[in-house]
Amino acid sequence: MSVADELKNMPSADAKAAAEAMNRERRKQKVREQRAFKRELDAEDRTPDHVQTLVGYALPALLGHAFPKRRALLTRGGAAILREAQLGQIYAIRGVGKTWLAQTLALVAATGVEALGFGTPSPCQVLYVDGEMDALEIQERFDKLRIHLSKHADLTARGPLFDQLTSANLVVVAADWQADYLPRLDTPEGQAALEPFIANADLIVLDNRSCLFDPEGEKDPTAWQPAQDWLLSLRRRGKTVLIIHHSNRQGGARGHSKPEDPMNLLLKLTWPDDYSADQGARFLVEFDKARGVYGAAVAPFIATLTDVDGWRVETVDRDEPDTAGVKLRDYLRLAEAAGERPKSGNAAIAAAKVGRNKGLEAWAAMLKSGELVKHADGGFHIVDTVGGGL
């Protein structure tokens, strides 16, 4: 019996699912064939005429070689957070505030104004590439940040900062205002199109990975390789690149870890435990990786963007207690006393008003330790509330 006949004899829902699965497999097979064909072409090009001459240094020569000094482009707490010819990444789940922070850092580097403790020794040329937001939203956000930074900056620190905030040091290229689509930046076409802007840039902000590069690169390290080759070529040219990326549901950067290997800086943004949606852009900033930097400069902090005060910074005590766990336990005890038991972790986290990420971590830890159990009625409770408890 043919595949078509088998599909005809299936219930409609099963047949549809089977057909979709077959189509997915055909697409995957086509991608595999295209990649195999490209590898064959690449192998054919590797003739003796194309062999690259590699450079190596004996240790005495290496130690005595005068490599170019890398100036700091972004600093915090007196330490260089991001220098020339370095790569960095900011990642968070959608809606936390990645773009607000990225646009702020772009303005800091381009103007010399300080924000959230970040500064720059001298303004530099910044290229901001946006592949996601619409044109009006990009304009409104940059204008809001410009006004806030100029209003709350120390205008005596480095001269007339308001004028600098309207300077041409920052250039924005966005997909939304192109006559045609913006080609992916892991292709020769995309790289050639962006090159006139890259040539003059010191810092390049790419917002974001899934929009500007092949999304298959999040699943397949081979598919990511063209993007990584290009980023490393920019580093060799002395360009600094800051990439914006999404988190997965577990809180880590989405996809495999290959893109993070050459990174000098990794900033992770999450909602604080006491976050509520009416607070807008308020997030915890953690330095997952800061190569060569330590101490107060990379201490975690909470950033809040307000309409009145602009950016506000709250310090975070590294040794603070597990506030999410404490709030969950308090809520569960009160619920048990009232004869109410939450049916799920999400319901308890919402009722206890704790951040989802920290709340899920605390919930999982309580389940694993046996402190949290499921009642016969389907609800959850902690063991020290059963029958008067401990």
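Data for the structure
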| read-out | value |
| --- | --- |
| Solvent-accessible area of F213 with every protein chain in place, 1.4 Å probe, in Å² to the nearest 10 | 0 |
| Cross-link table K327/K368; K28/K219; K268/K368; K69/K98, entries beyond 23 Å C-alpha to C-alpha | K268/K368; K69/K98 |
| Backbone HN-Hα couplings from phi across region 244-254 [Karplus 6.51/-1.76/1.60, Hz, Gly and Pro as x] | 9, 9, 9, 8, 8, 6, 8, x, x, 5, 5 |
| Cα-Cα over 31 Å, subset of K16/K358; K144/K239; K258/K343 | K16/K358; K258/K343 |
| Surface accessible to a 1.4 Å probe, E114 within the full protein complex, Å² | 120 |
| 5 angstrom amide H check on A281, placed H, neighbours 5+ away | L305 |
| Probe 1.4 Å - accessible area at Y275, Å² to nearest ten | 50 |
| Residues H65 and V308, FRET efficiency given R0 of 51 Å [Cβ-Cβ distance, rounded to 0.05] | 0.45 |
| Estimated distance in nm for a label pair at A135 and E25, the labels positioned 7 Å out from Cα along Cα-to-Cβ | 4.6 |
| Pairwise label distance in nanometres, V51 with L367, each label 7 Å out on the Cα-Cβ vector | 5.8 |
| Low-density loop cleavage sites - trypsin sites (Lys or Arg not before Pro) in region 240-310, where at most 15 other Cβ are within 10 Å (DSSP) | R249, R291 |
| Calculated FRET efficiency for the pair E216/D274, C-beta based, R₀ 35 Å, to 0.05 | 0.35 |
| Residues with amide H under 5 Å from that of Y275, placed H, sequence gap 5 or more | G355 |
| Karplus (6.51, -1.76, 1.60) ³J(HN,Hα), θ = phi - 60°, over region 73-85, in Hz, Gly and Pro reported as x | 9, 10, 10, 8, x, x, 10, 6, 7, 9, 10, 4, 6 |
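The values are calculated or read from the model by the stated rules, or taken from the named source; none is laboratory data. Note that this is a predicted model, so its numbers are computed, not measured. All Cβ positions, glycine included, derive from the backbone under ideal geometry; neighbour counts span all protein chains shown. Only protein heavy atoms, including side chains, enter the accessible area calculation; ligands, DNA and RNA are left aside. Shrake-Rupley method; radii C 1.70, N 1.55, O 1.52, S 1.80 Å.
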